[in-house]
Amino acid sequence: MADVKKLLKEYEHKLPPSILLDLEKSLPEKITPARLKKIFERVYQEYITSVAEPGEAVGLVCAESIGEPGTQMTLNTFHFAGVSEMNVTTGLPRLIEILDGRKEISTEMMEIYLNDPFNKGKDIKKIAESLKETKFDEFISEASIDIAQLTMEIKLDSRKLEALNFEPEKLIKILQKSVKACSFKLEGDKLIVKMSEKDENINDLYKFKEKIKLVYVHGIKGIRQVLPVKRGEEYLIVTLGSNLKDVFKLEVVDTTRTRTNNIFETNKVLGIEAARAIIIDELYKVIQAQGLNVDIRHIMLVADTMCMGGKVSGINRYGIVKDKSSVLARASFETPIRHIMDSAMMGDRDKLSSVIENVMLNQVVPVGTGLPGLVTKVK
Amino acid sequence: MAENPDITHVLVPEHQKISDKEKEELLKKYGLTGQELPKINSKDPAISHLALKVGDIVKIKRKSPTAKVSTFYRVVIDE
């Protein structure tokens, strides 16, 4: 056993941890030190031959490997969209959304994990409901306008108040803060609203009625729908709409696992590495959901490329293509005239150090065997 | 030092500042200048506890689905 430990230590920097772990597990119980050494050597040889060689066009292979199954996705998309209970964007539209690095995505979702006593399922509905952004119109069961006295009578929904543990007085306080020009009075379960401005008229009152409905009262801004879900042993809350920063402030929330599918928000709250992880997760989820099989290494490469610059940039002319140093490489992608004109004016130089510009000039591209230069001594 | 007290999240790997000596060795090993490395914003929440300057290099121990753990380096830039 001591030999194994020694060899594992020796190969620590030569082989990735996952291979060492697998190797350690699959070694036979009794083995001579010489054979053990031989096994390690063979594994190392095998590993070296399977590593991507310098100059291999990994980006190209990646583009093909994602692009080819992507063509099949187009047809599948419309079948799968809208099946799940929340009508989530999946398939090709979602794939494009992620790769483009869009700031505003079509379906923002969060998975909110809860801390220990709360994730057992007790009161899960109440917790979920308290997260949801609630506006004043949800507390109204009936609203009418008294034309003669120019007042508004609002009958409050007592069930809703109870569900959120809200006192009518507390509600009035919140309303008073956001709506200035009126006074509130409570009569039984009715709320009498009187505008305090002198030149009030009936039109203003109607407008005011619509306005007061949209006053934010409770919950977390941006969370439009909540759905308690049981996953394995524990309960979690899936939400439509996302606000990672404010959700993290809550005590019941497990801040180590709660996540959103918004890449930019993740980058802002948790940093670039978390954004990269989310990109990988989301891309892989889309591809898996379509029943396709793309190696995760390709997806990791895409995510790495998108997060190279310290911020999330999409695979388009405003993102990673913009950061290319070569003028011709940029021009070959989209809007060629503008790039060539701009660089002509600025007096840019092109070092012809990458692939596409050399293709354009009919030269050897620095890929594979074209990468190394040969040096000979002239006699 | 290694753990960020503000952010403990499964998606955020460990970020570490590397010393000047390690930095030199790293750049020599890969034949790079500092600015050719992938970048990280100096205001990135994951490195808020490290007190980094522009030009410092952060070593990141990522969890990887293929290699279990992989090391990645980012140079700090100012946005």
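The values are calculated or read from the model by the stated rules, or taken from the named source; none is laboratory data. Just so you know, these numbers come straight off a predicted model, no measurement behind them. Because the Cβ atoms are built from the backbone with ideal geometry, glycine has one as well, and the counts that use them run over all protein chains shown. Note: areas computed on protein heavy atoms with side chains; ligands, DNA, RNA excluded. Shrake-Rupley method; radii C 1.70, N 1.55, O 1.52, S 1.80 Å.
Whether any residue in the range A:196-211 is surrounded by 18 or more Cβ atoms within 10 Å (Cβ to Cβ), under 30 Å from residue A:144 (Cα atoms) and either more than 14 Å from chain B (Cβ to nearest Cβ) or in contact with a Lys or Arg (Cβ under 8 Å, 6 or more places away or on another chain) (or both) is what I want to check.
Yes.
Output yes when any residue across the range A:65-73 is of a type outside the set (A, V, I, L, M), part of a loop (DSSP other than H, G, I, E, B) and modelled with pLDDT of 85 or more, and no when none is.
no
So how many residues does the range B:13-33 have that are of a type outside the set (S, T, N, Q) and over 12 Å from the mean Cα position of the chain (by Cα)?
Total satisfying the criteria: 12.
Could you tell me whether any residue of the range B:40-52 is touching a Ser or Thr at 6+ places or on another chain (Cβ under 9 Å) and modelled with pLDDT under 90?
yes
Could you figure out which of (1) open to solvent by less than 70 Å² (accessible area, probe 1.4 Å); (2) farther than 17 Å from residue A:229 by Cβ isn't true of residue A:131?
(2)
What single numbered condition from (1) assigned to a loop (DSSP other than H, G, I, E, B); (2) of a type in the set (Gly, Ala, Ser); (3) in contact (Cβ under 8 Å) with a residue 60 or more places away in the chain fails to hold for residue A:148?
Among (1) assigned to a loop (DSSP other than H, G, I, E, B); (2) of a type in the set (Gly, Ala, Ser); (3) in contact (Cβ under 8 Å) with a residue 60 or more places away in the chain, residue A:148 violates only (3).
Just to verify a result, which residue in the range A:1-51, among those that are small (Gly, Ala, Ser) and either in contact with a Lys or Arg (Cβ under 7 Å, 6 or more places away or on another chain) or modelled with pLDDT under 90 (or both), is least open to solvent (accessible area, probe 1.4 Å)?
Ranking the candidates gives A:18 first.
So which helices (runs of 4 or more DSSP H) stay within the range A:276-371 end to end and still have 2 or more residues that are within 14 Å of chain B (Cβ to nearest Cβ)?
Result: A:296-306.
So, of the residues in the range B:37-57 that are touching a Leu at 6+ places or on another chain (Cβ under 9 Å) and of a type in the set (A, V, I, L, M), which turns out to be nearest to the other protein chains (Cβ to nearest Cβ)?
Among those residues, the one meeting the criterion is B:46.
Any idea how many residues of the range B:65-79 are facing chain A (nearest Cβ under 8 Å) and among the hydroxyl-bearing types (Ser, Thr, Tyr)?
So the count comes out to 2.
Looking only at the range A:280-325, filter to residues that are open to solvent by less than 10 Å² (accessible area, probe 1.4 Å) and not aliphatic (A, V, I, L, M); which one of those is farthest from residue B:11 (Cα to Cα)?
The selected residue is A:319.
On the given criteria, is residue A:352 open to solvent by less than 60 Å² (accessible area, probe 1.4 Å), touching a residue at least 60 places away in the same chain (Cβ under 8 Å) and among the aliphatic types (A, V, I, L, M)?
Spelling it out, it is not the case that residue A:352 is open to solvent by less than 60 Å² (accessible area, probe 1.4 Å), touching a residue at least 60 places away in the same chain (Cβ under 8 Å) and among the aliphatic types (A, V, I, L, M).
Which of the following residues is open to solvent by 50 Å² or more (accessible area, probe 1.4 Å) and either of a type in the set (Val, Ile, Thr) or at pLDDT 80 or above (or both): A:167, A:187, A:153, A:162?
A:153
I'd like to verify a number: residues in the range A:170-184 that are without any contact (Cβ under 8 Å) to a residue 24 or more places away in the chain and surrounded by fewer than 15 Cβ atoms within 10 Å (Cβ to Cβ), how many?
7
Filter the range A:225-267 for residues that are out of contact with any helix residue (DSSP H, G or I) (no Cβ under 8 Å at 6 or more places or on another chain) and within 14 Å of another protein chain (Cβ to nearest Cβ); which is least open to solvent (accessible area, probe 1.4 Å)?
Top of the filtered list is A:256.
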